[in-house]
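Single-structure report; data block below.
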Amino acid sequence: MAQMTLLSFFKKLILLSLICTNVFAQSFETVEVVLSSSSARSAILSRGRLQGIKEGMRAIFMVQSGSLGYPKLEKVAEGEAIRSLENQSYWFFKKIINPARLRKSQKLILSLQSDSLRGNRPFKVLNRKRIYSKEAKNKDIDFENNVGVPPELVVEGDKYVKSKELIGTDMTYGHDVEIQQFDLWAKRNGLTKVDDFMRSFERKYVDENFKQNNSAKEEVEKIEGNIYRAQIDGFISKVNSLKYGLKGLYRDQAKDQDNTTLKDRSDILNVYDQSREEIKRKRILGIESSNKVKRDGALWSADFDDAGLRSYMLKSGIEEEEIRQYRNLTQKTGNEITFRISTAVSNHSTQEDENHRNKGYSVAIGYEYHLMRTSLSLLKFSVEVFAQRSIENIDIGGINGRFSMGSFGGQVLYYFYNNPAVLNQWAWFAGIGARRGNADVTSIELDNPYEYQVVGLPTWSLGTKYRFKTGDSFEDDIPFGAGFNVRLSGERMSLTSVSTNLDDINTSILLNDIKLTVGLSVYF
């Protein structure tokens with residue numbers, strides 16, 4: 001039973017889809033202009049009664065251009081059928097947008113208003129006919145129309161009672177269109193009539209033209225026409241703005257790599273930024289500036305003095321565009337990873353012990369993030385984090401201990417010459433930060449191994465780097481760039497033992513360490 005019900009549901013769904021498809025297909029028809037007047041106000045079209053054209057029908061006419069997959073629609077005219085023959089019809093165009101399209105043998109797309117609005121329910125029209133005596137004042141009539149109650153029935157309307165209770169008074173409408181007609185009584189006696197407000201009137205003769213007024217029909221036709229035109233205009237706008245055509249699928253659409261579309265929707269300028277953008281927009285001279293450069297060639301600036309040339313280049317946007325071009329060709333930001341090895345400049349061992357007297361060394365891997373990726377105001381800054389493994393030989397009280405250290409740290413780098421993303425140039429920087437780790441201490445003079453905590457605060461560095469390969473050139477087979485860097489680094493190192501002292505050694509050591517570091521970097 002359930003299977004039969006499901007099968008019946010699918011049959012109804014398919015039938016409904018066929019009906020909807022047929023309705024949509026009949027909404028637009030192709031017609032040909034058989035003959036048109038010299039003013040293009042009227043024309044004979046190649047469809048008539050046999051094709052469903054009736055007198056009084058209204059339609060919008062369009063012209064299609066482009067391919068079937070990427071069509072473009074142009075609205076030509078709005079017209080009404082005034083005569084319909086078997087295979088031809090006469091049309092009068094009430095509004096013409098492009099009269100050049102209304103010529104003999106021109107193919108047009110016909111959209112009938114009756115087909116486009118088919119399926120809409122009829123408008124509910126409330127037609128109010130109000131009749132007043134000749135003694136009625138205009139202000140009283142206006143008051144009753146706005147308030148709904150005659151003014152003589154409103155007593156002490158300016159008095160009210162304060163209350164915290166909110167009472168909803170939203171009016172509910174049982175109609176879509178309300179039409180009000182007004183007229184005055186004629187001078188003929190009749191029977192007495194009582195209205196809703198218990199007022200007595202004499203039944204009097206009303207003008208016959210007032211009884212047969214067609215304002216309600218005209219108002220409904222006007223509203224339907226506005227709805228119809230809005231539908232067609234929206235359809236034309238949608239078709240003409242299709243980015244991937246009628247057959248475009250989601251898989252055919254290019255991804256927004258930089259989320260520029262999302263940024264356009266979510267980035268809202270504050271008042272200050274808006275004022276700056278407005279000032280910048282007013283300063284730009286316009287397209288004539290670039291035309292002058294193209295026209296005059298390399299000597300386009302020959303007729304400027306120095307001050308005038310500088311002002312012109314700033315206000316025309318030439319200076320800003322040249323800086324942008326230079327910046328994009330000479331800089332490349334991204335993720336930068338550095339591999340480096342260091343050797344100690346200073347010696348921290350003692351001459352009393354013949355063991356472990358060489359200078360220390362270390363290896364490290366670091367990641368540098370260019371803060372210019374967040375804001376151009378941070379163009380000169382970057383943040384570096386690193387992990388380090390080192391061997392140090394340090395005097396711990398007449399004994400040279402071999403410190404095997406593992407630590408991690410970070411620094412903020414400031415580039416005082418060039419910036420961290422520059423290519424094929426030296427960039428000089430200074431940095432400050434901290435590191436923290438642990439060390440295992442051994443020596444043949446010690447009875448037991450020891451463990452120390454290591455704190456470097458502050459750490460500093462002064463160095464330079466050179467990035468010589470971009471990885472995104474046309475000839476590049478490897479999709480990343482490379483670079484070379486040298487730095488002199490130091491720190492105030494604090495060593496604190498966390499083990500039990502069984503050998504009478506220094507459990508707390510404070511020293512200054514300086515290292516020379518070289519490294520290779522890759523960025524992508």
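The values are calculated or read from the model by the stated rules, or taken from the named source; none is laboratory data. These numbers were taken from a predicted model, which means no experiment stands behind them. Quick reminder, even Gly has a Cβ in these numbers, built from the backbone with ideal geometry, and neighbours come from all protein chains shown. Remember, those area values only see protein heavy atoms, side chains included, never the ligands or the DNA or RNA. Shrake-Rupley method; radii C 1.70, N 1.55, O 1.52, S 1.80 Å.
List of remarks:
- The sole residue among 167, 179 that is touching a helix residue (DSSP H, G or I) at 6+ places or on another chain (Cβ under 6 Å) and at pLDDT below 70 is 179.
- Check on residue 438, surrounded by fewer than 20 Cβ atoms within 10 Å (Cβ to Cβ) and outside any strand (DSSP E or B): no
- Here is the figure for the stretch 98-116: residues that are assigned to a strand (DSSP E or B) and under 15 Å from residue 65 (Cα atoms) total 4.
- Test: residue in the stretch 419-426 that is free of Cβ contacts under 8 Å to residues at least 60 places away in the same chain and either among the hydrophobic types (A, V, I, L, M, F, W, C) or under 19 Å from residue 361 (Cα atoms) (or both): yes
- Residue 327 being open to solvent by 70 Å² or more (accessible area, probe 1.4 Å), under 19 Å from residue 487 (Cα atoms) and either of a type outside the set (A, V, I, L, M) or modelled with pLDDT under 85 (or both): no
- Here is the figure for the stretch 496-524: residues that are in contact with a Ser or Thr (Cβ under 7 Å, 6 or more places away or on another chain), part of a strand (DSSP E or B) and under 16 Å from residue 438 (Cβ atoms) total 3.
- Close pairs (6 angstrom Cβ cut-off, 6 or more residues apart or separate chains): over 29 Å from residue 400 (Cα atoms) in the stretch 509-524, among the acidic types (Asp, Glu) and surrounded by 13 or more Cβ atoms within 10 Å (Cβ to Cβ) anywhere: 521/336; 523/336
- Residue that is modelled with the highest pLDDT [pool: residues in the stretch 99-143 that are closer than 30 Å to residue 230 by Cβ and β-branched (Val, Ile, Thr)]: 109
- The strands (runs of 3 or more DSSP E) located wholly in the stretch 44-97 that include 1 or more residues which are within 19 Å of residue 115 (Cβ to Cβ) and among the hydroxyl-bearing types (Ser, Thr, Tyr) occupy 71-84, 89-96.
- Test: residue in the stretch 52-61 that is over 25 Å from residue 222 (Cβ atoms) and open to solvent by 50 Å² or more (accessible area, probe 1.4 Å): no
- Checked against (1) polar (S, T, N, Q); (2) modelled with pLDDT under 75; (3) exposed (fewer than 13 other Cβ atoms within 10 Å of the Cβ), residue 351 meets all criteria but (2).
- Selection within the stretch 367-409 - assigned to a strand (DSSP E or B) and within 36 Å of the chain's Cα centre (by Cα): 367, 368, 369, 370, 381, 382, 383, 384, 385
- Residue among 428, 460 that is over 38 Å from the mean Cα position of the chain (by Cα), more than 22 Å from residue 359 (Cα to Cα), open to solvent by 10 Å² or more (accessible area, probe 1.4 Å) and not basic (Lys, Arg): 428
- Filter pass, residue 453 being out of contact with any Leu (no Cβ under 8 Å at 6 or more places or on another chain), polar (S, T, N, Q) and open to solvent by 10 Å² or more (accessible area, probe 1.4 Å): no
- Within the stretch 83-99, the set of residues being free of Cβ contacts under 8 Å to residues at least 40 places away in the same chain and either of a type in the set (A, V, I, L, M, F, W, C) or loosely packed, with under 15 Cβ neighbours inside 10 Å (or both) comprises 83, 85, 86, 94, 95, 97, 98.
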